[in-house]
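Visitor: Here it is, the structure in full.
The values are calculated or read from the model by the stated rules, or taken from the named source; none is laboratory data. Note that the structure is a prediction, hence the values are computed from the model and not measured. Counting neighbours? That spans all protein chains shown, and the Cβs are built from the backbone with ideal geometry, glycine included. The accessibility values were calculated without ligands, DNA or RNA, using every heavy atom of the protein model including side chains. Shrake-Rupley method; radii C 1.70, N 1.55, O 1.52, S 1.80 Å.
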Amino acid sequence: MEFEIKVEKLKESRISQFDPKNIGFGKLFTDHMFVCDYEGGEWKDFRIVPYGPFQLSPATSALHYGQAIFEGMKAFASIKNEHDICLFRPLDNAKRLNISAERMAMPILPESIFMQGLHALLDLDRQWIPREEGGALYMRPYMFATDDFIGVKPSERYTFAIFCCPVGPYYNKALRVKVEEEYSRAAPGGVGFTKCAGNYGASLYPTAQAQKEGYDQILWTDPIEHKWIEETGTTNFFAVINDTIVTPALTQTLLAGITRNSVIKSLKHLGYKVEERPLSIDEIVTAHQNHEIKELFITGTAATLMNLDGFAHRGTYHEVLSNGDNQISKTVKQFLDDLKVQRIDDPFGWLSCI
Ligand code: COI
């Protein structure tokens, strides 16, 4: 079904603020944003407006009770067809948004609204897409509750919006992570598998503590035994143990990363052995002592794929970056980077080019 989208264009583009040689991450936003509202049981008022502030009541329920969910996704300039923009697995983001929405008692957003809004916005702001190697247009679809009402209940009104920013790498160097055994990210029956804002808010204090100790990020362990590796504060986690790539199996407390899934499928396509299974920190420490850890890496939309320099566990830092040439992570990263810009064929049908 097609929806009518009202378009109000920015009078003068801000594109001159964009320096393709110095892109950064998440500070500069493109000219427009897509917005629609939910009220009376339906989505309505589909519009593209200049990027700018919302007017919100101080009682806006998302700010009090946390009904706020988001997605992160990227579009790339095709090197095959100069004018094409290629979106990477956009429908998977639309589906995951709705998984989060259901758990957070928020309304389902029809995938057709998600896709149509995204396409219309990208079409209008296509000049912002970085063409430099490693650059992308990051898109942030999100939904939040807008009732102005004090009382804990699902809101009756919501806003869904998408804005974009040209981005370079989220991380610029291999990370030093601290294995977190005191704080927990999520618990069984909770919201760990959703992309709700609170999951990230709750990670900030333990991450800041780790950063004070000289680490870049935390590596979460499970909330019951603090034994099983889950994910980092911003990404999923992979270990290359001898010739096998192992990543924690998905549970209720892990985010089902779209990049995680893409890396697993790409590795298998390239002929590597991949295991999704419970992975304990003890296994990693022992494998490291036995020189069996060849690479550690993390994956996410923003981070793409980044190696770990090493990990701190109970006060001991285990350096792994020096173990080898990171051939497997380099190979799969290159494969996905090439696929996203149409340098190679896309055997999975992941790209949607407009
Ligand atoms: C993403 O990778 O897109 C995320 O949403 C994670 C966030 C830390 C930037």
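Residue by residue, here is whether (1) in the same structural domain as Val35 (by TED's automatic domain parsing); (2) open to solvent by less than 20 Å² (accessible area, probe 1.4 Å); (3) within 14 Å of the ligand (Cβ to nearest atom); (4) in contact with a helix residue (DSSP H, G or I) (Cβ under 9 Å, 6 or more places away or on another chain) holds:
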{"residue": "Cys86", "(1), (2), (3), (4)": "yes, yes, no, yes"}
{"residue": "Leu137", "(1), (2), (3), (4)": "yes, yes, yes, yes"}
{"residue": "Ile150", "(1), (2), (3), (4)": "yes, no, no, yes"}
{"residue": "Lys153", "(1), (2), (3), (4)": "yes, no, no, yes"}
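Visitor: Which members of the stretch 282-304 meet the condition of being under 17 Å from Pro248 (Cβ atoms) and surrounded by 21 or more Cβ atoms within 10 Å (Cβ to Cβ)?
Guide: Passing the criteria: Ile284, Ile293, Glu295, Leu296, Phe297, Ile298, Thr299, Gly300, Ala303.
Visitor: Same structure, new question: Would you mind telling me which numbered condition in (1) within 15 Å of the ligand (Cβ to nearest atom); (2) open to solvent by 10 Å² or more (accessible area, probe 1.4 Å); (3) among the aromatic types (Phe, Trp, Tyr) Tyr205 fails?
Guide: Failing condition for Tyr205: (1).
Visitor: Exactly one condition in (1) open to solvent by 30 Å² or more (accessible area, probe 1.4 Å); (2) assigned to a strand (DSSP E or B) is not met by Leu308; state its number.
Guide: Of (1) open to solvent by 30 Å² or more (accessible area, probe 1.4 Å); (2) assigned to a strand (DSSP E or B), only one is false for Leu308: (1).
Visitor: Still on this structure: What number of residues within the stretch 248-302 are over 24 Å from Gly26 (Cβ atoms) and either within 16 Å of the ligand (Cβ to nearest atom) or aromatic (Phe, Trp, Tyr) (or both)?
Guide: We begin by selecting, within the stretch 248-302, every residue over 24 Å from Gly26 (Cβ atoms); these are 248-253, 264-296.
Next cut, either within 16 Å of the ligand (Cβ to nearest atom) or aromatic (Phe, Trp, Tyr) (or both) only: 272.
Residues meeting the conditions: 1.
Visitor: How do the pairs read when you match residues in the stretch 25-42 that are open to solvent by 40 Å² or more (accessible area, probe 1.4 Å) with residues anywhere that are part of a loop (DSSP other than H, G, I, E, B) and charged (D, E, K, R), using Cβ under 9 Å and keeping only pairs 6 or more apart or on different chains?
Guide: Phe29/Arg14; Tyr38/Glu156; Tyr38/Arg157; Glu39/Glu156; Glu39/Arg157; Gly40/Glu156; Gly40/Arg157; Gly41/Glu156
Visitor: For the stretch 258-270, check the following and say yes or no: at least one residue is part of a strand (DSSP E or B), at pLDDT 95 or above and open to solvent by less than 20 Å² (accessible area, probe 1.4 Å).
Guide: Applying the first criterion (part of a strand (DSSP E or B)) to the stretch 258-270 yields none.
There is no residue in the stretch 258-270 that is part of a strand (DSSP E or B), at pLDDT 95 or above and open to solvent by less than 20 Å² (accessible area, probe 1.4 Å).
Visitor: Is it the case, given these coordinates, that Tyr183 is open to solvent by 40 Å² or more (accessible area, probe 1.4 Å) and closer than 20 Å to Gly26 by Cα?
Guide: In short, no.
Visitor: For residues that are surrounded by 15 or more Cβ atoms within 10 Å (Cβ to Cβ) and within 15 Å of Leu121 (Cβ to Cβ), scanning just the stretch 51-71, find the one that is farthest from the chain's Cα centre (by Cα).
Guide: Tyr51
Visitor: Looking at (1) out of contact with any strand residue (DSSP E or B) (no Cβ under 6 Å at 6 or more places or on another chain); (2) surrounded by fewer than 18 Cβ atoms within 10 Å (Cβ to Cβ); (3) under 30 Å from Lys21 (Cβ atoms), which is the one condition that is false for Arg131?
Guide: Status for Arg131: all satisfied but (1).
Visitor: Would you point out the residue of the stretch 246-257, among those that are in contact (Cβ under 8 Å) with a residue 40 or more places away in the chain and surrounded by fewer than 19 Cβ atoms within 10 Å (Cβ to Cβ), that is farthest from Gly189 (Cα to Cα)?
Guide: Ala256
Visitor: Next up: Any residue that is surrounded by fewer than 21 Cβ atoms within 10 Å (Cβ to Cβ) and among the acidic types (Asp, Glu) - is there at least one of those in the stretch 228-239?
Guide: No, there is no match, as no residue in the stretch 228-239 is surrounded by fewer than 21 Cβ atoms within 10 Å (Cβ to Cβ) and among the acidic types (Asp, Glu).
Visitor: Against the definition (at pLDDT below 95, within 22 Å of the chain's Cα centre (by Cα) and either not in a loop (DSSP other than H, G, I, E, B) or not aromatic (Phe, Trp, Tyr) (or both)), how does Ile23 come out, yes or no?
Guide: Yes; evaluated as a whole, the condition is true for this residue.
Visitor: Starting from the stretch 94-120, keep only residues that are on the phi > 0 side of the Ramachandran plot, then list their pairs with residues that are open to solvent by 20 Å² or more (accessible area, probe 1.4 Å) and not in a helix (DSSP H, G or I) whose Cβ atoms are within a distance under 6 Å, requiring at least 6 positions of separation or different chains.
Guide: If the second residue must be open to solvent by 20 Å² or more (accessible area, probe 1.4 Å) and not in a helix (DSSP H, G or I), the pairs left are Ala105/Pro154.
Visitor: So which residues in the stretch 222-251 are within 21 Å of Val274 (Cα to Cα) and of a type in the set (S, T, N, Q)?
Guide: If the condition is that a residue be within 21 Å of Val274 (Cα to Cα) and of a type in the set (S, T, N, Q), then Thr232, Thr235, Asn236, Asn242, Thr244, Thr247, Thr251 are the ones that fit.
Visitor: Then there's this: Test Ala161 against the criterion of being touching a residue at least 40 places away in the same chain (Cβ under 8 Å), small (Gly, Ala, Ser) and in the same structural domain as Ile113 (by TED's automatic domain parsing), and give yes or no.
Guide: Yes: the conditions hold for Ala161.
Visitor: May I pose another question? Here is a list of conditions, (1) touching a strand residue (DSSP E or B) at 6+ places or on another chain (Cβ under 7 Å); (2) within 16 Å of the ligand (Cβ to nearest atom), and Gly24 meets all of them except one; can you say which number that is?
Guide: (1)
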